[in-house]
Each structure stands twice: as C-alpha cells, then as structure tokens.
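Inspection log for the structure reproduced underneath, given as structure tokens.
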Amino acid sequence: MHPFNFTIEQARAALDRGEITPVELTNKLFDRIEALENRIQSFITLDKEKALIQAGYAEDSIRRRIIQPLAGVPLAIKDNICTEGIRTSCSSKILENFIPPYDSTVTEKLKKQGCILLGKTNLDEFAMGSSTENSAFGPTKNPWDITRVPGGSSGGSAAAVAADLCIAALGSDTGGSIRQPAAFCGVVGLKPTYGRVSRYGLVAFASSLDQIGPITKSVKDSAILLNVISGPDPHDSTSAHLAVPDFTSVLGQEIKGMKFGVPKEYFIAGMDKEVEESVKHAIEKLESLGAVPVEISLPHTEYAVAAYYILATSEASSNLARYDGVKYGLRVESDELIDMYMKTREAGFGAEVKRRIILGTYTLSSGYYDAYYKKAQQVRTLVKQDFEKAFEKVDMIVTPTTPTAAFKAGEKTDDPLQMYLADIFTISVNLAGVPAISIPCGFTSQNLPVGLQIMGKHFDEETILKTAYAYEQATDWHMRKPEL
C-alpha cells in the first residue's frame, strides 16, 4: 500500500510504529498532489512550507511518545473555514486575497491534535452550489471521471480524499454539501447534528443550516475526526453544551434488532434506476445484518426544496451584506460611497451568489416576508416534526444520498432549478438539524459511485456511525479507488 492510500487509522499505526515519519508522509502527499492536481483541481491554496514545519513538530511529539490521534496526519480544509495566516477565499473574487488573523475553532482543535494542514480545497463560491463549478478559481473534476462534477459545495474536499491527495478533509454542509459530493466521489461524508460542532470561523452562508463535518475514506476515520472537532464553544452561541462521547467506541457493535425507516418519498419518479437498485441492495444487506426495515412517511419532503431555497437565500442575503468593500476583501474605488458598494459587489460576486442574494433580499422585503420567509419557517417546523414522529418508530432512517450519480460538467449550469433539485434527498436533514452520513453502496454501469444516506436523531451520531460501520465492514465498496 502506498502511504497516500492510508486512512487516518492506518497512518496513525504506521507513524507510531516508525514505518514512516510525518515529514516523509507529507512529502509523499505533495508528490501525489503535484502529479494529479492539474487534472483534479481540488485545491485553491497549498502551503508546503508550513505543512513541513508542522510535520517536524509532529515528528518530535511522536519521538517523545506524546501520541495524539492526528499527530503527523496530513489533512485538507475547505476554503470557507478560517485558517490563521493562510488565505481563506470562499472561492470568491471578493475574498481572493483575504488572510484571516485567527483560526476557526475546528482548525485550532486539529492543530492541537498535531495534524498537518496541506492546504485549502475548492468549493462553490460561498458554498452556494451542488457541483463545484461556481468557483472563481475554476471547477474541480471528479476523480472517477474528470468529465463529471465531484458534487458540491465541498467538491474540492471530496475529490481530494477520493484521489488520495490528503488522508482526510473537512467540509461544510448547508443543504447536503458534505454528503452529496461524498456520494459522487465514493467516500464517506458526515453532517453532524446542528450545534455538535462549532461554526466559529466558518464563513457564513446560512447560519441556521451550516455545519462543519468530516469527509474521509472510512467510517472509523469520520468518527475519529468527529471526536476531535466536536464540543461546546464560547465563541459560538449555537454550539450545544453537551458532553462529547467517544464516537469510535460504538463501532463494531451489532445492529441486530435495530429498526431503520425507509421513507416512500425518497424513491421517486425520475430517480436513476441504477442508483435505486444499489440503495435497495444496501437495504437488503442491512436486513441480512439483523436490522429491521420499517416503511415510514416523511410527508412534507416535497416542500423541503422550496422552503430551503427561501430560508437559505434569505440568510445569505443578510450574511453577505458585510462584503461592502470597506472592512476587508475586494474594494473597487469610487468617489461615491453607494457607487463603491455597487461596483465592489458587481466585480466580487459570481452569478450564482448574486442570484441567491437577489432571491433572499426579495423574500425578506416588505410585503413579501409573511408570504415567503414566514411560510418557509412554518414548513421547516413541519419537516422537523416529520422526523420526530418517524423517530418514535425507528432508530434511524435510510435513503439514497442523491437521485443520480455524478452528472456531466456543464450539464445543469444553465438550469438552476435542476441544479437545486440535485440536493432533494439531503436538504431535509439540514432543515430538521439532525445528523446524517453518506457511505458508498455501489457503482453504476459507468463505474460511478452511489451513496447511501443514514439519518439519525438529534445528537445521536453514534447510531448512524455504528450502522454505517456495520454496512461498510460487510461490503467492499469503500475499498475501490479511481484509476488515476
């Protein structure tokens, strides 16, 4: 096995045994990046010099037997998560040269555990998109087929993990932005419960929906990363004041007798037949492991996309008002203040971001607030209640992650509605604030990965991790690698 193929677990073991040093492992990954990055385009910023300094510190810690879970493990971070001294652009011209003076809470926690930060990964601008085509720095390609998208908005992180350009990565998920690219790229993507992980230092898209989570090569790696990044944070009033369990402790436990819901609303007309077939085989596999399927209904699912795109754009309109050319970021000079605002935002924001700001500003405007924003909040409550009722009967819910496998680059760029519908199976999770994980569950006839989504109760990541791990260990989908 090449060192760049390592999972976190495998890297930890090899580093602790002295089979490879953190400096050697970091150099191997930069060699891999140099060989493949021009084809995949998963990174916006790389910082080899800082990474090797961090690797040197990790080497010293390991030599002194100060062993931390991530000591010497090279990771990548989505470029909307602040990193002190390293550019954080959100894939936008308006923040093209922004270097944060502080670390996000998750970055700080990773550094304290001795990890090595290789660089920042590409995304749809301000995390607004489902394909990583809406980036000011160009699109990321899917390692399984470079004519196809890697999903979005965390497409750079998912592609980098799938192509073995890093050991694991962090992404953010507002409406499926971790799980959908994980499904498209054949890796594991976990969206924790809202409030499980601090959002401090995550550049805001929609504050009531955003959540940071891991994108990894295995379920155990996701549990390891979740252990590190979870917990309350005085900097984030929405972070939950709950003790963090050891998420790895439940892995390997039986799932026999556990009930999983299969919502009829998630097997719809227009869904790709090969995706549906793979997911149904996965459901049969869970049955063979002793879990019990229960047909359930999440009746307000059909309204989720409409409600989400009102709420998310409304919050985006408010959050992005701060980019005015005055405090930081791009500034287009003008003698008139209002003119400077307008020119800065015209030059700094891409088409999709402008579209969402306009939509959000409209839905919040006088005369339309009750008709759109208030009604969408009421639908959100109904979606949340659907989950609460379902979880009275079942321990978890199992669905496809996406209605299709990865689509061709450019296929949906001229049709925003079709692009928005790519998130139809992931959006409800964010509206309800519950956790969900996507794991590989098959391949299409064109050798494109298919994702299985497992949703859990609020703050019950353990159940979805335990179930995902049981399925993963009984199959070999996660072992397959793209030919690069």
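Could you list, in sequence order, all residues of region 252-277 that are closer than 26 Å to Thr463 by Cα and touching a Ser or Thr at 6+ places or on another chain (Cβ under 8 Å)?
Taking region 252-277 and keeping what is closer than 26 Å to Thr463 by Cα, we get 252-267, 275-277.
Correct list: Ile255, Met258, Phe260, Val262, Pro263, Lys264, Glu265, Tyr266, Val275.
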Qualifying residue in region 464-483 (condition: surrounded by fewer than 17 Cβ atoms within 10 Å (Cβ to Cβ) and basic (Lys, Arg)): yes
Members of region 426-448 that are assigned to a loop (DSSP other than H, G, I, E, B) and out of contact with any Lys or Arg (no Cβ under 6 Å at 6 or more places or on another chain): Gly433, Val434, Pro435, Thr444, Ser445, Gln446, Asn447, Leu448
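Anything in region 138-176 that is part of a helix (DSSP H, G or I) and under 13 Å from Glu37 (Cα atoms)? List them, or say none.
Narrowing region 138-176 to residues part of a helix (DSSP H, G or I): 155-162.
Of everything in region 138-176, those that are part of a helix (DSSP H, G or I) and under 13 Å from Glu37 (Cα atoms) turn out to be Gly156, Ser157, Ala159, Ala160, Val161, Ala162.
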Any hit, region 77-87, residues being over 23 Å from the mean Cα position of the chain (by Cα), of a type outside the set (Gly, Ala, Ser) and modelled with pLDDT of 95 or more: no
Sole exception among (1) within 18 Å of Ala76 (Cα to Cα); (2) free of Cβ contacts under 8 Å to residues at least 60 places away in the same chain; (3) touching a Gly at 6+ places or on another chain (Cβ under 6 Å) for Ser230, by number: (3)
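Would you pick out the residues in region 96-113 that are of a type in the set (Val, Ile, Thr) and in contact with a Phe, Trp or Tyr (Cβ under 7 Å, 6 or more places away or on another chain)?
Kept after step one, since they are of a type in the set (Val, Ile, Thr), are these residues of region 96-113: 99, 105-107.
Of everything in region 96-113, just one residue is of a type in the set (Val, Ile, Thr) and in contact with a Phe, Trp or Tyr (Cβ under 7 Å, 6 or more places away or on another chain), namely Thr105.
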Total residues in region 25-34, condition out of contact with any helix residue (DSSP H, G or I) (no Cβ under 7 Å at 6 or more places or on another chain) and either within 25 Å of Cys90 (Cα to Cα) or surrounded by 16 or more Cβ atoms within 10 Å (Cβ to Cβ) (or both): 3
All positions within region 449-463 that are assigned to a strand (DSSP E or B) and under 20 Å from Phe260 (Cα atoms): Val450, Gly451, Leu452, Gln453, Ile454, Met455
Residue count, region 115-140 (criterion: surrounded by fewer than 24 Cβ atoms within 10 Å (Cβ to Cβ) and farther than 24 Å from Arg356 by Cα): 1
Residues located in region 260-281, provided they are within 19 Å of Ala436 (Cβ to Cβ) and either in contact with a Gly (Cβ under 7 Å, 6 or more places away or on another chain) or exposed (fewer than 14 other Cβ atoms within 10 Å of the Cβ) (or both): Lys264, Ser278
Residue list for region 427-463, filter: of a type in the set (Asp, Glu) and either surrounded by fewer than 24 Cβ atoms within 10 Å (Cβ to Cβ) or at positive phi (or both): Asp460, Glu462
Candidate set from region 1-56 (those that are of a type in the set (Phe, Trp, Tyr) and part of a helix (DSSP H, G or I)); member that is farthest from Asp124 (Cα to Cα): Phe4
Exclusive hit being assigned to a helix (DSSP H, G or I), under 25 Å from Ala376 (Cβ atoms) and not polar (S, T, N, Q), set His300, His281: His300
Qualifying residues in region 308-345 (those that are part of a helix (DSSP H, G or I) and β-branched (Val, Ile, Thr)) - the one surrounded by the fewest Cβ atoms within 10 Å (Cβ to Cβ): Ile338
Enumeration of residues in region 346-378 that are part of a helix (DSSP H, G or I) and of a type in the set (Gly, Ala, Ser): Ala347, Gly348, Ala351, Gly360, Ala371, Ala376
Some residue of region 408-418 being in contact (Cβ under 8 Å) with a residue 60 or more places away in the chain, over 19 Å from Ile215 (Cα atoms) and either in a helix (DSSP H, G or I) or among the aliphatic types (A, V, I, L, M) (or both): yes
Residue that is nearest to Phe407 (Cα to Cα), among those in region 248-278 that are of a type in the set (Gly, Ala, Ser) and part of a helix (DSSP H, G or I): Ser278
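The values are calculated or read from the model by the stated rules, or taken from the named source; none is laboratory data. In this text the structure is predicted, and so the values were computed from the model without any measurement. When we count neighbours, we look across all protein chains shown, and the Cβ atoms used for this are built from the backbone with ideal geometry, even at glycine.
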